[in-house]
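Peer 1: Dumping the structure here so I can ask a few things about it.
Computed from the coordinates by the stated procedures, all read-outs in this text should not be read as laboratory data. This is a predicted model, so every value here is computed, not measured. Using ideal geometry, Cβ is built from the backbone for each residue, glycine included, and neighbour counts are taken over all protein chains shown.
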Amino acid sequence: MVTGVAEGAYAAGAVTRRQADDWIAEQTGRARRGRLFLAVPMFLAAARRP
């Protein structure tokens, strides 16, 4: 999941390839040490015309 987030940011041009790779490496290291924290906020809105 973390890799997909970084790859998506790279594909969108929000970060460089190196930034994405560095971030992936950092998060992978954190996970190996039991220090990974990941939050995926999601919002849903629904409306209806009166």
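Peer 1: Relative to the longest principal Cα axis of the chain, at what angle does helix 17-32 sit, 0 to 90 degrees, rounded to 10?
Peer 2: 80
Peer 1: How large is log10 I(q)/I(0) at q = 0.17, 0.21 Å⁻¹ when the Debye formula is applied to the Cα atoms of the chain, each weighted equally and without solvent?
Peer 2: Results for the chain at q = 0.17, 0.21 Å⁻¹ read -0.60, -0.78.
Peer 1: To the nearest 10 degrees, how steep is helix 2-11 against the longest Cα principal axis of the chain, on a 0 to 90 scale?
Peer 2: For helix 2-11, the angle is close to 80 degrees.
Peer 1: Taking other Cβ within 10 Å of each residue's Cβ, how do Val2, Val40 sort, fewest first?
Peer 2: Numbers: Val2 15, Val40 6.
Arranged by neighbour count, lowest to highest, Val2, Val40 become Val40, Val2.
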